[in-house]
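The values are calculated or read from the model by the stated rules, or taken from the named source; none is laboratory data. What you see is a predicted model; the values in this text were computed from it and never measured. So basically every Cβ, Gly included, is an ideal-geometry build from the backbone, and we count neighbours across all protein chains shown. Just the protein is used for accessible areas: all its heavy atoms, side chains included, with ligands, DNA and RNA removed. Shrake-Rupley method; radii C 1.70, N 1.55, O 1.52, S 1.80 Å.
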Amino acid sequence: MRVLSNADIAALLPMDEAIAVIDTTMRSVSKGDAELPLRHVVPVGGRNLMGVMSGALGDPACYGVKLVSLFPDNPAKGLSGHRGAVVLFDSEEGGAVAMMDAGLLTAIRTAAASAVATRALARPDASRLTIIGTGEQAEHHLAAMLAVRDIGTVRIVGRRAEKAAAFADHARSLFPALDITHGTDAQAAVDGADIVCTVTNAATPVLRGDWLEPGQHLNIVGASMPGKREIDDAVLQRAELFFDYRPSLLAQAEEIISGLKARTITEADLKSEIGAVLAGGQGRSDAQAITLYRSLGIVAQDLAAARHVLARAEAENRGTAVDF
């Protein structure tokens, strides 16, 4: 077995490669070339949870499990809110062949999935980006959006002004050519934006439908558990709705579950999995449409990213080989 650390993941999974891996993976998922049970979540005290996500891919052939702790107070301690491990198994003989840090891998593959959706759904001329949220996902989403669109202007929104300012300063150090502003007013930041990414831990909406403008693209990422939602009903009613995996959407996206129950939306309003769009299906209907990609995150993304990391690690002899 090869054991790979956070530093190994950072070196072996650059954003451009992650985007290519996730693009291929989502096509496979929508073709039915994956076994993806819904994730199992266990409360482990307070607001903390443990998630168990298992699955198998046909192309690339691999299977495995992600074991991850979801600790929402960790960022205040300088730690990732997602900590755990991905374990890959050999498809030929069934042995465990790799274990790697799940926190950074999750962050990169999530942002890469948003990039894949943005490349498929956002207007080609989209150049003004708003990010609502200032945590780990904000930084990776900034890099991901820059990889697929010619972004010139970035607005950072945080619940706390000092965190928004700190992230904006950090972003300027990484991307000095960008025009970056920051604040706490989400409505003002959405005004005039071409792409909006919500990457918060909010339980109640941080984005409202009456703020939206024709032609925008939305990546709704942060609320991945029933009971939490980043958008109100009006967002759903105004946008064309795309998503990663329909079973996850119907079981875990609170705004979708509530909207269907209240009949503010119907299943006919749920346009398509992103993999079907990538394979040639209908995407944005026209330049004035508002498109929304609802990301829940699926283990297929973790497994494909982990397999890519393992292949590079073996080629470059990175990580630690252990008997198992």
Sticking to Cα atoms, compute the Rg of the range 57-199 to one decimal and its Dmax as the biggest Cα-Cα distance, whole number, in Å. 17.5, 56
Heavy-atom accessible area per residue, the chain, 1.4 Å probe: how many Å²? 42 Å²
Whole-percent carbon and sulfur share, accessible surface of the range 193-272, 1.4 Å: 49 percent
How large is ³J(HN,Hα) for each residue in the range 7-21, as worked out from phi by the Karplus curve 6.51 cos²θ - 1.76 cosθ + 1.60 (θ = phi - 60°), to whole Hz, x for Gly and Pro? 5, 5, 4, 4, 7, 9, 10, x, 4, 5, 6, 4, 4, 4, 5
Can you work out the FRET efficiency for the pair GLU17 and VAL44, with r the C-beta to C-beta distance and R0 = 35 Å, to the nearest 0.05? 0.60
Regarding the chain, what are the three Cα extents along the principal axes, ordered largest first, in Å? 57, 44, 41
Quick one: check the C-alpha center-to-center distance for the range 115-176 versus the range 266-304, whole angstrom. 21 Å
Take the chain, mark every one of the GluC sites (Glu not before Pro) that falls in a DSSP loop and has at most 12 other Cβ within 10 Å, then report the longest stretch left between them, sites excluded. 94-324
Once you have the Kirkwood Rh of the range 1-44 from its Cα pairs, apply Stokes-Einstein at 20 °C and 1.002 mPa s and quote D in µm²/s. 161 µm²/s
Could you work out the local net charge near THR184, counting Lys and Arg as +1, Asp and Glu as -1, over the other residues with Cβ closer than 9 Å to its Cβ? +1
Could you pull out which residues in the range 97-118 have an amide N less than 19 Å from a spot 7 Å beyond the Cα of ASP323, following the Cα-Cβ vector? 97-99
Which one, PRO43, PRO72, PRO60, has the greatest fluctuation when you compute a Gaussian network model over the chain with C-alpha springs under 10 angstrom? PRO43
For the chain, percent of DSSP beta bridges that are antiparallel (nearest 5) comes out at 50 percent
Zone residues, the range 117-155, relative to ALA165, backbone N less than 18 Å from point 7 Å out along Cα-to-Cβ: 133-135, 155
Using alpha-carbon pairs under 8 Å, 6+ residues apart, how would you state the relative contact order of the chain in percent? 22 percent
